[in-house]
Amino acid sequence: MAEKPTVTKMQQCQGKPASPAFPSKRRQIFLKALALGGVVTHAAASAGASRKTLYAFRATNPEFAEEWDNALESFADSLEQAARQRGVDGWQEPVYQGGQLVGTVRKYSDSLLLAMLRARKPEYRPAAQVPAPPPAPEKKERDPEKIARKIAFALALAAKNAEQKGGDG
């Protein structure tokens, strides 16, 4: 049997339009799933609610909004712990030879370790990159001698064309 949404006494006393509260049991299921997985859509589905309903309830209920934020912080903490473990402690990766498991080798994630260092230590962060200005357009060389040769060539060509036209007519 589904729980009926309730309206809090605080909502009734404040003269706000009554909006149904998210039932406590489903609310806890949602918050736990959000803390474990960090994905609102999946957490909502596990609580049997729609994202739209949950976001609407969050907008009208500061206590629920704070619990939501705390659940996401908890998820972020678990991500940080996993990153730390892979970057610092590493993991055992199986080694196969000829299709047979012959042992393991400890692997580490340098990129996760560097990301954690950059998050906590400013000296490991890359310097701010200022984009270089675009190159100035190349200026054409203004060699008077070259210009004079080009003009002379153009005039000679024009004269030759005029001569050919005049001699034909």
* Since S46 meets every condition but one in (1) modelled with pLDDT of 95 or more; (2) within 30 Å of A119 (Cα to Cα); (3) touching a helix residue (DSSP H, G or I) at 6+ places or on another chain (Cβ under 6 Å), which condition does it not meet? -> (2)
* A44 being under 30 Å from F30 (Cα atoms), touching a residue at least 40 places away in the same chain (Cβ under 8 Å) and touching a Leu at 6+ places or on another chain (Cβ under 7 Å) -> no
* Matching residues in the stretch 107-162 - criterion: being closer than 30 Å to G87 by Cα and of a type in the set (K, R) -> K107, R118, R120, K121, R125
* To do: Tell me, please, whether a residue that is polar (S, T, N, Q), modelled with pLDDT of 95 or more and more than 13 Å from F64 (Cα to Cα) can be found in the stretch 12-28.
  => no
* Structure fact -> Taking the stretch 63-100 and keeping only residues that are more than 15 Å from L31 (Cβ to Cβ) and assigned to a helix (DSSP H, G or I), one is left with L79, E80, Q81, A82, A83, R84, Q85, R86, G87, V88, D89
* Of the residues in the stretch 43-54, how many are in a helix (DSSP H, G or I) and exposed (fewer than 14 other Cβ atoms within 10 Å of the Cβ)? -> 2
* For the stretch 78-106, what are the residues that are surrounded by 12 or more Cβ atoms within 10 Å (Cβ to Cβ) and among the aliphatic types (A, V, I, L, M)? -> A83, V88
* Is the stretch 88-105 home to any residue that is among the acidic types (D, E), touching a Ser or Thr at 6+ places or on another chain (Cβ under 9 Å) and outside the structural domain of K32 (by TED's automatic domain parsing)? -> yes
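The values are calculated or read from the model by the stated rules, or taken from the named source; none is laboratory data. All values reported here derive from a predicted model rather than from experimental measurement. Because the Cβ atoms are built from the backbone with ideal geometry, glycine has one as well, and the counts that use them run over all protein chains shown.
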